[in-house]
Amino acid sequence: MPDQTTSSSSTAEAQISRTNTPAQATSIEEAWRSFDGLIRATSLQPSPFPTIFGGVPSQFLGLIYGAHNAGVSTARGTHTNFDIPVVGTGTAALTLWAYYNQGYQHGLTLPLLTQNTSSHPSSAPAPKLHEPEDFDGTRANFSKFMTKLALVFSSDPTRYVMDAAKISYAASYLSGLAAD
């Protein structure tokens, strides 16, 4: 039986492209434009992790996670300013600010969550997680590596309040070209 996600109908393919992945782009600028359109069509809701859509170019993921985490940190009062990295396009900046806002809106809910969980001692140990595998710069492993880092950081927020602690932890798991 043929796969239901693929169709010979160009209308069906266009619908899948609009709802699940950015359209195939011929340049970085077009990729950012397509991705920005997808974000605006779906409206990013507050979330502990950035909403990642299928087909997002892997070179965007580091910028996306950075923008989202900066938003969370700012809302928690641990990060004072956020500079959009120079990525060459105004559309990229708008897209990254959308992720910053997603993280910021989530970060605003965190103090309420910690106040409502006063039955848990603040010195409770962080849950035991599997350490991330070393990241050698392979694109296929980048998303998995970033997800593992986000889990570690969110499971022990008192240890990873400062960006320097997060960077040091992540850097300790770099190898090969990524470490260079």
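Of the trypsin sites (Lys or Arg not before Pro) found in region 146-180, those that fall in a DSSP loop while having at most 16 other beta-carbon atoms within 10 Å are Arg159.
Of all chymotrypsin sites (Phe, Trp or Tyr not before Pro) in region 131-180, which ones are in loop regions per DSSP and have a Cβ with at most 11 other Cβ atoms within 10 Å?
Passing sites in region 131-180 do not exist.
Counting only protein heavy atoms and a probe of 1.4 Å, the accessible surface of region 24-76 is 52% carbon and sulfur.
Ignoring ligands, DNA and RNA, what percent of the 1.4 Å accessible area of region 136-180 is carbon and sulfur?
Numbers: 1670 of 2780 Å².
Here it works out to 60 percent.
Near Pro125: Cβ cut-off under 11 Å, other residues only, Lys/Arg at +1 and Asp/Glu at -1. The net charge is +1.
The values are calculated or read from the model by the stated rules, or taken from the named source; none is laboratory data. Bear in mind that the values here come from a model prediction, so they are computed numbers and not experimental data. Cβ atoms come from the backbone with ideal geometry, glycine included; neighbour counts cover every protein chain shown. Calculation scope for accessible area: heavy atoms of the full protein, side chains included, ligands and nucleic acids excluded. Shrake-Rupley method; radii C 1.70, N 1.55, O 1.52, S 1.80 Å.
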